[in-house]
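In what follows, a single structure is set out as structure tokens and then discussed.
The values are calculated or read from the model by the stated rules, or taken from the named source; none is laboratory data. Since this is a predicted model, take the numbers as computed values, not measurements. In this analysis, Cβ positions are derived from the backbone assuming ideal geometry, glycine residues included, and neighbour counts consider all displayed protein chains. Areas reflect the complete protein model, heavy atoms only, side chains present, ligands, DNA and RNA absent. Shrake-Rupley method; radii C 1.70, N 1.55, O 1.52, S 1.80 Å.
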Amino acid sequence: MHFAQSDTLIFSVALNGYQWRYRRYLNSQREYAKRMGYDYVVVTRPWLNRLGAECCWLKLFLLKAALQAGYRQVLFVDADACIQPACPALDTLYQPDKFLYLARGYSGAFNSGVMLMRNCPQAIAWLDTLIKSMTEPVAESQGIGWGENGHVIHYATGCAGVAELQKHWNNTFDAQLDDYIRHFNYGPLKCSLLDKCFHTAIFKCSRLLLGYSLSRPEEQADKLAVVQSRVPGALAQIQTLYPHYFAKC
């Protein structure tokens, strides 16, 4: 069981330079959690991680570990997502029999940059299914090319336990929207040349860190096998560094 005061955790993962580039957005997340009385943690250590950009897979393992630590609900937010001052409490989203809450991104598919999960056996089972299948390429990853978002889309689509959020909760494309969470992912809102250069560098370094270079689509499974083999070590480090939030699992 965790030692913090709240039954709600908000967390983000910001490694390999993300912790410095997006510190303003991370501060907005921290302020929202403080305002609502939620626990908050941003995973910034170890400073460098051999998973590179593929450390995004860690969010699934950490979601499970946070639920197993005893939290009633857990919100994951990408490091490049800004929570606005007007964002309401998470309990306003509650729907019976729903354990996962996602909004659609600019592509029209679910975006895993903001994921709210309620603690129940179905949530753990859903995460286990996705984690076990991470080395099995899914069609939804085409056009994305990296990370876990394609797998989240694949297993969330048609799932009875998934509730669709309004885009206000994860706005990736509408600059005029009076939103709650504005997500500057690699889409229409990411118009900064600095951000584009930063992400290009991160992705190139990621391939070097993994020691893997994709030349054919079918090699994606091999790359994910490398990622999968390194996740346990990275996860153990994080659980040791942040023991109050994530259970050993």
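What residues qualify as long-range amide H neighbours of Val42, i.e. H under 5 Å apart, gap of 5 or more or another chain, H built at 1.01 Å from N?
Ser12
Calculate one ³J(HN,Hα) per residue across the stretch 159-164 by plugging θ = phi - 60° into the Karplus curve 6.51 cos²θ - 1.76 cosθ + 1.60, and present them in order as whole Hz with x for glycine and proline.
Values, residue by residue: 7, 5, x, 9, 10, 8 Hz.
Excluding Gln73 itself, calculate the net charge of residues whose Cβ lies under 9 Å from the Cβ of Gln73, where each Lys or Arg counts +1 and each Asp or Glu counts -1.
Values: positive: Arg72, Arg118; negative: Asp7, Asp91.
With Lys, Arg at +1 and Asp, Glu at -1, the net is 0.
What's the carbon and sulfur percent of the chain's accessible surface, probe 1.4 angstrom, rounded to a whole number?
Here it works out to 56 percent.
Where does each of His154, His168 land when they are ordered by accessible area, with a 1.4 Å probe and the largest first?
The residues order as His154, His168, largest area first.
What pairs from Lys167/Lys248; Lys167/Lys223; Lys64/Lys98 go past 28 Å between their alpha carbons?
Cα-Cα > 28 Å for Lys167/Lys248; Lys167/Lys223; rest within.
State whether the stretch 128-188 is rounded, prolate or oblate according to the following rule on the C-alpha gyration tensor (a ≥ b ≥ c being the square roots of its eigenvalues): a/c under 1.5 gives rounded; otherwise a/b larger than b/c gives prolate, and the remaining case gives oblate.
oblate
Filter the DSSP H helices in the chain by two things, a Kyte-Doolittle mean of at least 0.0 and an axial alpha-carbon span of 24 angstrom or more, and list the hits by number.
TM-like helix candidates: 193-210, 220-241.
³J(HN,Hα) across the stretch 89-98 via Karplus (A = 6.51, B = -1.76, C = 1.60, θ = phi - 60°), whole Hz, x for Gly/Pro?
5, 5, 5, 5, 8, 4, 9, x, 6, 10
Going by average Cβ density within 10 Å per residue, which order do the peptides 37-45, 58-66, 129-137 take, highest to lowest?
Values: 37-45: 19.8, 58-66: 23.2, 129-137: 15.2.
The densest-packed peptide leads the list: 58-66, 37-45, 129-137.
Could you do me a favour and compute the accessible area per residue for the chain, 1.4 Å probe, result in Å²?
Details: 11400 Å² over 249 residues.
It amounts to 46 Å² per residue over the chain.
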